[in-house]
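Working notes for the structure below.
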Amino acid sequence: MSDEFIGDDCYHNGAFFLMDNFGFYSGFDGPKSANGENYELFFKTGANSDAYQYFLDFGPLKKANTSAYFSDPKSVWRQIVEHPVYDEFWLSRNIKQHLKNVKPAVLVVGGWFDAEDLYGALKTYAAIEKQSPGNNAKLVMGPWTHGGWAAASWKSFANYRFGSDLNKYYQDEIETKFFNFYLKDKGSFDQSEVTVFETGSNQWKNYDVWPPKNSHQVPYFFGEHGKLSDTKPDAVKSASEYESDPAKPVPYTGVISGHRNNEYMVEDQRFASQRPDVLVFQTDSLTQDMTLTGEIAANLFVSMTGSDADFIVKVIDVWPAGSTITAASEGQRPTQMGGYQQMVRAEVFRGKFRNSFSKPEPFTKDKIEKVSFKLNEVAHTFKKGHRVMVQVQSSWFPLVDRNPQKFINIFEADEQDFQKSKIMIYHDSKNSSNVVLPILK
């Protein structure tokens, strides 16, 4: 973890990660048991079979701060919901500011599919690089979930097939050699400054700096009829709209489960693209491979009928018709991937923080404003014949709490504060919404 309000466990860009925090702190932070050996649950969540329906029925989150739920006013849950803006509470807990004059050898290891702390690994390394000149830090990023690099083996994840046991390579060639060299004075350690696994092409890549010098920021613009291209639109007026309804939020996953779907970061997004409250923009079929290596940015020109909204931007790899991958287990038929919308990276931004995370501001009805934010880094190749898709929506539930779409402290909102809002995303010559892709050339 590095900064829990901007990108790690508690909030992402000011949007509260409801499902993880509610479930975790209901048990982790409960009262100590009578024998003092462990902790008791504050309560049982009851979300065993369908978390989406459970949290929808739960209603406004002010209910959680009652005796039936998080009863202790000093509990971590109560602390984090009492600080819904980036104030001294969060600033004082931001680890990045302390990563100065780091002298020991450091191996920063993170997972591209770490649902808890992808941001933390990347930004920890970046902070050391920026604030500790002459440091001896290395970065390793693999296609792992939270702590997945410690598993006995790692040959596949969801519908990714990696072609070999990545953990054997990492553990034998990087981690063991690192500790042997620096702790036991054995052998050598000449690992590259940056080692990342590139999904899509299934290969390890080594770089002298991160992001690599040959990664170029290229804007891809939204256009009419769901087009996405590197050509800026020339239309005088052009926009797409959807109605965002807090009573019918867009689910973060197509899987019905009482727990967070650990594969949601790579899940097929066709369940979302079919909804009227999700905008879809995509390129033509690629005529050659396109590799993204580095940080993605989103620049949205928006207006709304409410006074606040969330914006979720997803970058997706669309597989061509007829595609297959090898089965996860021997003896099974190949997995059909034609039309599969494989999520590569996604992030949420709470709109009221568009100018400051410390001083939120309401939107003015129907006034066009710019909302810009970063998505975490990627290393992924979109193969020839695939398409790059971007989806835009205003809810991601219950991974993220519902925005009432009214400028208010959400933890104090009542049921009547939640309202529908018409959201406009503009893609004309003046207000040209886009994503900036880090294309390796």
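Summing charges over all other residues whose Cβ lies under 9 Å from the Cβ of A309, with Lys and Arg as +1 and Asp and Glu as -1, gives 0. Each residue of region 141-153 was assigned a 3J(HN,Hα) from its phi angle through the Karplus expression (A = 6.51, B = -1.76, C = 1.60, θ = phi - 60°), giving 10, x, x, 9, 8, 4, x, x, 5, 8, 5, 4, 8 Hz with x at Gly and Pro.
Using a probe of 1.4 Å on the protein chains alone, the accessible area found for L300 is around 0 Å². A cut-off under 11 angstrom between Cβ atoms defines the neighbours of N262, and their net charge, with Lys, Arg +1 and Asp, Glu -1, is -3. Each pair of Cα atoms in the chain enters the Kirkwood radius, and Stokes-Einstein at 4 °C and 1.567 mPa s then converts it into a translational diffusion coefficient of 56 µm²/s. In the chain, the DSSP-assigned H stretches of four residues or longer account for a calculated mean residue ellipticity at 222 nm of -3500 deg cm²/dmol, using -39500 (n - 2.57) per stretch and the full residue count as denominator. Per residue, the chain exposes 44 Å² of solvent-accessible protein surface, assessed with a 1.4 angstrom probe and all protein chains in place. Dimensions of region 218-320 based on its C-alpha atoms, expressed as ranges along the principal axes with the largest first, amount to 44, 38, 24 Å. Using a probe radius of 1.4 angstrom, the carbon and sulfur fraction of the accessible surface of the chain is 48%.
Computed over region 135-290, the Cα gyration tensor eigenvalues convert (square root of 5λ each) into semi-axes of 39, 23, 14 Å, ordered from largest to smallest.
Give, as a single signed number, the net charge of other residues whose beta carbon lies under 9 Å from the beta carbon of D284, with Lys and Arg counted +1 and Asp and Glu -1. With Lys, Arg at +1 and Asp, Glu at -1, the neighbours total +2. Put the Cα centre of region 182-221 next to the Cα centre of region 31-105 and the gap is 35 Å.
The values are calculated or read from the model by the stated rules, or taken from the named source; none is laboratory data. In this text, all values refer to a predicted model and were calculated from it rather than measured experimentally. For neighbour counting, all protein chains shown are included, and Cβ atoms are generated from backbone atoms with ideal geometry for every residue, glycine included. Calculation scope for accessible area: heavy atoms of the full protein, side chains included, ligands and nucleic acids excluded. Shrake-Rupley method; radii C 1.70, N 1.55, O 1.52, S 1.80 Å.
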